[in-house]
Structure formats: structure tokens, C-alpha cells
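Only the coordinates and a few stated rules stand behind these numbers; no lab work does. Please read all numbers here as calculations on a predicted model, not as lab measurements. Here the Cβ is made from the backbone with ideal geometry for all residues, glycine too, and neighbour counts use every protein chain on show.
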Amino acid sequence: MLCISVAPVSRRLAKADLLNASRQADLIELCLDHLIKEPDVGQMLEGIQKPVLISCRRARDGGHFKASEEARMALLRKAIVAGPAYVELELDIANSIPRFGETKRVISYTSLDRPLENVDAIFEEAYRAKADVVKFTWPTPTLESAWPLLVAVTKNRELPVVGIGLGHAGLTFSLLGRKYGCPWIYAGIEKRMEAHPGQATVWELDEIYSYAEIGPKTRFVGVVGFGDSETAAVRVLNAGFKALDLETRCLPLVIGQFDKLRKMLNILKINSLVISPQLGMHLVEFATHAVGSAEPSRFADLMLKQSNGWHAYNLIWRSALDALEATLAPQSAEEQSLERRNVFLLGTNGVAQSLAHGIQRRQGILSVSGPDNQQAQQLAKKLDARYVPFASLYDTLADVVIITDPSIEMGVKKTQLNPSFLRPQMTVIDLCRLPDETDLLSEARQRGAKIVEPRDILARQVAAQFKAITGQQLPVTAVNDVFQVPPSEGGT
């Protein structure tokens with residue numbers, strides 16, 4: 001089931017929020033702690049056709065109730081009399097509020113500063129406090145921190161267990177909970193109306209992660225990272241899996257340490273990892289084998305588990321350069337080539353090193369620069385490429401400019417890129433915010449430079465990842481639907 005949390009500040013808004021949530025939810029959590037005035041819960045529940053769970057949290061449990069504890073408990077007792085389907089009671093007060101009517105008791109335990117270590121003991125206490133459902137809440141910034149929470153909800157127990165993870169991996173936990181039979185998972189009705197900061201919204205669960213299609217047979221592809229590029233990749237990959245009727249979906253991951261990662265991925269039966277550009281150099285060290293261009297570049301955007309360990313692959317360089325060459329001169333194969341073209345690489349990160357490998361492989365004349373001159377000089381030396389001090393960019397000829405450093409801003413300061421550098425004869429790629437157009441790309445477009453479309457680069461990269469993971473071609477409709485490409489642009 002999907003439990004949508006609503007946290008209104010007024011009684012009038014509460015009714016509207018409940019009605020809106022009832023159109024999408026299986027269960028609605030009404031958080032009373034945000035209300036400015038004491039509510040008439042019975043009146044608020046009139047006409048609501050979906051079951052409602054009442055909660056009223058203290059600040060120490062992540063809530064907003066500011067009056068006394070006696071007032072909070074009195075409000076919860078009145079709420080139970082109104083006959084909601086569930087009421088949430090913290091473990092320390094559960095024995096002070098007896099069962100009443102048909103309302104079921106969700107006995108909760110929250111730890112805001114660290115994961116719990118005594119889950120079984122707390123469960124036993126909740127059982128003795130006449131729980132119908134036991135709920136755990138704790139911080140989940142990484143997969144490792146979410147792991148005990150996942151174990152808690154999937155272990156075979158006498159009572160059902162639900163949970164909320166606070167942080168990025170809370171979404172990971174929710175999707176895994178869906179697969180492993182958690183009674184319900186939580187979602188906010190929309191941004192800025194969440195029960196806690198960072199809670200996934202219904203739209204995110206549905207449109208990005210296809211939560212309704214996740215079940216016991218679903219196999220997950222891990223996507224490491226939560227940036228714009230990773231979110232777009234998840235949407236395209238999931239659309240492709242759905243179009244081909246594959247019981248595979250994407251699972252977002254935040255990885256803290258490697259020591260237990262192999263074991264956790266093995267338990268979750270995750271055999272594929274799509275990797276954020278920011279982590280491409282870090283994650284390649286996790287692999288048993290760096291295949292092809294991943295070895296010289298020491299960068300990976302995809303990892304696949306094989307019989308002899310994890311294999312790392314570098315697909316971004318080919319995707320970016322193929323899109324570049326298609327942009328250079330679509331009608332002439334000879335003019336498409338990077339051979340003998342002056343290519344300026346602005347950046348020294350893992351993406352830059354990945355692209356540098358491909359540029360040299362295609363016999364482009366590579367120059368390296370960046371705001372940090374020392375790092376740029378070291379990279380140029382490593383690559384046996386030309387080094388250009390950042391301040392000297394404006395006096396140097398460039399056919400192609402590739403930006404990989406997201407810290408580069410336009411301006412006239414020493415470490416900024418003066419817009420006058422961008423000229424009509426250039427072709428410009430910006431890989432910093434795929435699939436979105438950056439301010440720098442917009443400026444280049446206005447100055448007459450040729451632009452390599454960011455969505456084209458990401459579409460090529462995701463298509464290559466999809467083929468490596470599934471062995472099948474990514475359906476064109478998966479890309480067109482996500483990027484809203486008109487049929488005339490999308491091809492066949």
C-alpha cells in the first residue's frame with residue numbers, strides 16, 4: 001500500500017489535503033502536529049473514503065508539536081474517539097493510551113541521530129504494548145545505514161513492521177520495502193508538504209521510480225547518485241524496461257563504504273550499477289576488472305557483475321564524442337572526425353579524464369585547462385597533452401570546447417570564464433548538468449556557437465548502458481517520452 005502523508009497547518013487546508021491524497025493513496029497519514037489550532041478530527045475525517053492514520057509527533061521525534069506532552073496525549077485520545085483506521089503512538093506513551101473501538105495501533109520508535117542497534121528488543125516492547133503494527137524511523141544517509149531498517153521490516157515476525165528512512169537512502173528503503181512486502185510505504189503529497197524533509201513525493205515514486213510496478217519478482221539495477229543526470233537516466237531506463245515487459249526497475253543508491261557493499265549487493269541480487277559522473281573515479285576502485293577504456297581513464301559509469309567479479313566500463317566518452325561528431329557536420333563523414341581538430345578540455349575531474357582518452361583515441365589535438373592551473377598542468381602531463389593556463393584561453397585557437405567542471409562560472413574574475421571566449425566557429429559541449437542546458441551553453445548558443453545537445457549525449461549514454469545490462473536495444477519511445485521529443489525528432 002501507499003501511505004500519503006499530509007501535514008496541513010490549518011483545518012481548512014487539512015480537508016483539501018485529505019481529499020487530494022484520497023485520490024492517490026491507499027492509506028492517508030494526517031499529521032496533527034503542524035496544525036496551528038486544535039482540530040476537530042471527527043469533522044476533518046467526514047467524507048474521506050480512504051483509511052486514515054493519525055499522528056502527532058514531538059520535536060524529538062521529528063515533529064512540530066509545541067504544546068505540552070499532556071496536551072498532545074489528550075489530542076491523540078480525542079483523535080482515537082473519532083474512529084480513524086490507525087493511530088500512531090510512541091513506544092514510551094503507548095501504555096498510557098488504551099485501545100479504543102476499531103482503531104489499530106501503530107507503535108513507533110524514532111531515533112533521529114543514529115540507527116538503532118536493539119531492534120528486536122524494541123519490537124518485543126511494542127508487542128507487549130498491544131501494537132497492531134510496529135514502526136521504526138531513523139537516519140538513512142547511505143545504504144549501509146538503511147540496512148538494519150531493511151532487515152527489520154523484512155524479517156518474519158508476529159506483527160507487521162513499517163519504517164521511514166530519513167535521508168537519501170530512505171527512498172532506497174521504501175522501494176525495497178515495496179519489493180519485500182512491507183505493509184505500506186510513505187510518501188508526501190507534493191514538495192514542501194512532506195512529513196519530514198526529503199520525503200519522496202507520490203509523483204517521484206510513480207513517474208521516476210515506477211513504484212507500483214515493483215513486486216517480489218522485480219530485479220533491481222542500482223543507480224548510484226541522486227543528481228539530475230541520474231534521475232533522468234532512471235526515468236529512461238525504467239521506461240525501457242517497461243516497454244520490453246522486463247521485471248527490472250532502478251534502485252537509487254548512496255554508497256558510503258565498500259567493506260560490506262559486495263555482500264549487500266549480493267543479498268539484494270543487484271548485478272548492475274549505473275554510476276554518477278561524480279563517483280566514476282571512486283567506484284572504479286570497487287571493480288575487480290576495469291574493461292576497455294575504463295582501465296586507462298580510471299573512470300567508470302557502469303559496472304556489471306560477472307562470474308569472476310565486478311567489471312567496470314566507461315561509456316560516457318563514446319556517447320559524448322559520437323554526439324559531438326554528429327553535430328560537427330552531419331552530412332560529411334570526413335568533416336565529422338575529430339582528427340586534427342583543436343579540442344579544449346576545461347576540467348580535471350573523472351569525466352575530463354574519460355573524455356581525454358577518447359579525444360586522443362580519435363586523434364584530436366588535445367589541450368587541457370581549468371580554474372586550478374596546477375591540477376590542469378598535472379593532468380596534461382599525465383596525458384601527454386598541451387597545457388594551457390586558464391588565463392591564456394582567450395589567446396588560443398579552439399575548434400571544440402568541452403566543459404566537465406561544474407565549478408566553472410561565467411564572469412570576468414580570474415577563475416571565471418569570460419563569455420567573450422565563446423565564438424561562432426566553436427562547437428561546445430557542457431557535461432555538467434545532463435540533460436539540462438547550462439547558462440554557459442545558453443550563452444554559447446546566443447553567440448552563434450554550435451551546441452551539442454545535452455539530452456542527445458545522455459540518451460546515447462543510457463542507451464549504451466541499457467544494451468549492456470539487458471542485451472537489448474533501448475526502445476526509442478523510452479527516450480522520446482522522457483525528454484518529450486516530437487516524433488519527427490525521435491527517428492524510428
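Based on DSSP H segments of at least four residues, each scored -39500 (n - 2.57), the chain has a per-residue ellipticity at 222 nm of -10000 deg cm²/dmol. Mind checking the angle between helix 350-361 and the chain's longest principal axis? C-alpha axes, 0 to 90 degrees, to the nearest 10. Tilt of helix 350-361: around 30 degrees. A Stokes-Einstein calculation at 20 °C with viscosity 1.002 mPa s, built on the Kirkwood radius of the chain over Cα pairs, returns a diffusion coefficient of 86 µm²/s.
Dipole of the chain computed with +1 at Lys/Arg Cβ and -1 at Asp/Glu Cβ about the Cα centre; of Leu345, Ile189, Ile97, farthest Cα towards the positive end is Ile97.
So for the stretch 318-452, averaging the separation of alpha carbon pairs under 8 Å that are six or more residues apart and normalising by length, what relative contact order in percent results? Kindly include the intermediate steps, with their values, before the conclusion.
On the way: 240 pairs, mean separation 29.0, N = 135.
The value is 21 percent.
Taking +1 at the Cβ of each Lys and Arg and -1 at the Cβ of each Asp and Glu, which of Thr396, Cys250, Met410 sits farthest along the dipole of the chain towards its positive end, judged by Cα position relative to the Cα centre? So the residue furthest toward the plus end is Cys250. Counting only aspartates and glutamates at least 8 places from Lys104 when in the same chain, those with an alpha carbon closer than 15 Å to its own are Glu29, Glu88, Glu90, Asp132. Among 377-387, 15-25, sorting by the average number of other beta carbon atoms lying within 10 angstrom of each residue, highest first, gives 15-25, 377-387.
In this structure, the amide hydrogen of Lys104, modeled 1.01 Å from its nitrogen in the peptide plane, lies closer than 5 angstrom to those of Tyr86, Val87, counting only residues at least 5 positions away or on a different chain.
Looking at the calculated P(r) for the stretch 1-92, what percent of the C-alpha pair distances fall above 22 Å? List each step's numbers first, then the result.
Details: 768 of 4186 pairs.
So the portion of pairs separated by more than 22 Å is 18 percent.
Applied to the stretch 119-135, the Karplus parametrisation 6.51 cos²θ - 1.76 cosθ + 1.60 on θ = phi - 60° returns per-residue 3J(HN,Hα) values of 4, 4, 5, 5, 4, 5, 4, 5, 4, 5, 8, 6, 6, 9, 9, 10, 10 Hz, with x for Gly and Pro.
When only DSSP loop residues count, what trypsin sites (Lys or Arg not before Pro) in the stretch 49-97 have their Cβ near at most 16 other Cβ atoms within 10 Å?
On the way: sites: Arg57, Arg58, Arg60, Lys66, Arg72, Arg77, Lys78; in loops: Arg57, Lys66.
Qualifying residues, ordered by number: Lys66.
Taking the C-alpha atoms only, the angle from helix 169-179 to the longest principal axis of the chain is near 70 degrees.
Cross-link check: pairs Lys135/Lys467; Lys37/Lys135; Lys50/Lys155; Lys50/Lys305; Lys242/Lys382; Lys130/Lys191 evaluated at a Cα-Cα cut-off of 32 Å; pairs beyond the cut-off: Lys135/Lys467; Lys50/Lys305; Lys242/Lys382; Lys130/Lys191.
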